[in-house]
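The values are calculated or read from the model by the stated rules, or taken from the named source; none is laboratory data. Computed from a predicted model, the values in this text were never measured in an experiment. We place every Cβ from the backbone using ideal geometry, glycine too, and count neighbours over all the protein chains shown. With ligands, DNA and RNA removed, areas are computed over all heavy atoms of the protein, side chains included. Shrake-Rupley method; radii C 1.70, N 1.55, O 1.52, S 1.80 Å.
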Amino acid sequence: MGLWTSVKARAGEWYQERRSWELNEEARAEVRKARALIRSRQEADLSIPDQEILVAAEAELTYAERLLDSSRHRRAPIGSHVNSMRMHVDSARLLWMRSFISDPKAMQPYMAGLREFVRKHLSQSDERRDKIEQVKFLKTENDLIDLLEAVEAAHAVDLRERLRLASFVRTVWCVALLLLLLVLVVGCLTTKWSDAVPMCFTPLSPVPDSHPQAANYSVVCPLESHMAKGLPTTAELAEGSTRGDYWVLELTGFVAAGIASAFALRKIRGTATPYKVHFALTALKLSTGALTAVGGLTLMRGQFVPGLSALDSSAQIIAWAFIFGYSQELFTQFVDKQGENVLGNVRGPGSSTPTPSGRRSHETSQTATTPEDA
């Protein structure tokens, strides 16, 4: 009974930690810091409207905490919870900033961080960013309103970038699963009708000196081979095929794609986002590799490639399946580039690689920042 209780408790911990545990904990810390600033602001001598704004800000933080409390919902905290939490924390910060309308100068200590946050997410051609660049000191109510508009716009851009990344990852996963389903369908169909499209080749066998007029052919399949007198018929090709031919080719394609994915790790720096972009891309490569292995050999079997239509042995068939499985990089490299571009859009300034929006980018944490950083 004690062992079962221990296993159950550990399984519960794993369920909580299986996705964005560190980001969730950092998010909870940000909520607590924002709540402390709001309560510190509430202790000041504020007007009733400003007090009501702070009450609304604290309500936003309370709702953000509920999103990260897995006891209130059946799903463990994942990327969507972190994004939803940030929306409410951002709203709470904007409300906290609005409580300074009656005293804009009190907001001046946070000006540097807010300006940097705006620069990170708004392009140089954005008029709201230009206004903030021109404001050195918050003197009037209009100055603070301009700052609020710029920060709110920057939050909106940041949210769209993260949602675009989430949509890209979900799309890649859906395509990878559909391709995997197609791999299973092909394997199952060829298991039931192994003689429908036999993956066999018919190389011409060497002619013995004692029979110069003989023309024997070999029927070479992925798992079996046999001799045939004269050009093999369709029935003789079907006779050499087995139920495991396509499964072996698909497995070889999987292995080749897996090696290609492992080799591609040299380019990966990792990501601080709650979305496993590179893991989804690897799943896509594996499914694609299985299909390109079968598709490439089908083209060879149909004499699409001159001079490579008569493989001599089963080992050559497996070797070419490996090559075609690895060649999925020719197709998935474009998806890899798109993934890097989408991931680059949620990075901040600091590196030498410009993002499509004209900002200089590096990998940043996708958790909420402090009020100094907006």
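Numerical summary
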item	result
Condition check for Val151: closer than 30 Å to Leu311 by Cβ, touching a Phe, Trp or Tyr at 6+ places or on another chain (Cβ under 7 Å) and assigned to a helix (DSSP H, G or I)	no
Any hit, region 228-239, residues being over 28 Å from the mean Cα position of the chain (by Cα), in a helix (DSSP H, G or I) and modelled with pLDDT of 85 or more	no
Failed criterion for Ser194 (all others in (1) surrounded by fewer than 13 Cβ atoms within 10 Å (Cβ to Cβ); (2) of a type in the set (Ser, Thr, Tyr); (3) not in a helix (DSSP H, G or I) hold)	(1)
Qualifying residue in region 126-144 (condition: touching a residue at least 60 places away in the same chain (Cβ under 8 Å) and in a helix (DSSP H, G or I))	no
Matching residues, region 103-125, being part of a helix (DSSP H, G or I) and of a type in the set (Asp, Glu)	Glu116
Out of Met85, Met107, sole residue that is open to solvent by less than 40 Å² (accessible area, probe 1.4 Å), of a type outside the set (D, E, K, R) and under 16 Å from Asn24 (Cβ atoms)	Met85
In region 79-122, residue modelled with the lowest pLDDT [restricted to those that are polar (S, T, N, Q) and closer than 20 Å to Asp143 by Cα]	Ser102
Pick from region 179-189, criterion without any contact (Cβ under 8 Å) to a residue 24 or more places away in the chain and over 14 Å from Gly244 (Cβ atoms), ranking: farthest from the chain's Cα centre (by Cα)	Val185
Of all residues in region 306-316 being within 24 Å of Trp247 (Cβ to Cβ) and at pLDDT below 80, the one that is least open to solvent (accessible area, probe 1.4 Å)	Leu311
Subset of region 247-266 (residues that are open to solvent by less than 30 Å² (accessible area, probe 1.4 Å) and under 10 Å from Ala293 (Cα atoms))	Leu249, Glu250, Thr252, Gly253, Ala256, Ala257
Selection count, region 321-341, where residues are open to solvent by less than 10 Å² (accessible area, probe 1.4 Å) and not hydroxyl-bearing (Ser, Thr, Tyr)	4
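This table checks each residue for (1) modelled with pLDDT of 80 or more; (2) closer than 30 Å to Val82 by Cα; (3) in a helix (DSSP H, G or I).
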position	(1), (2), (3)
Thr271	no, yes, no
Pro274	no, yes, no
Ser287	yes, yes, yes
Leu299	yes, no, yes
Phe304	no, no, no
Ile323	yes, no, yes
Gln333	yes, yes, yes
Pro349	no, yes, no
Thr353	no, yes, no
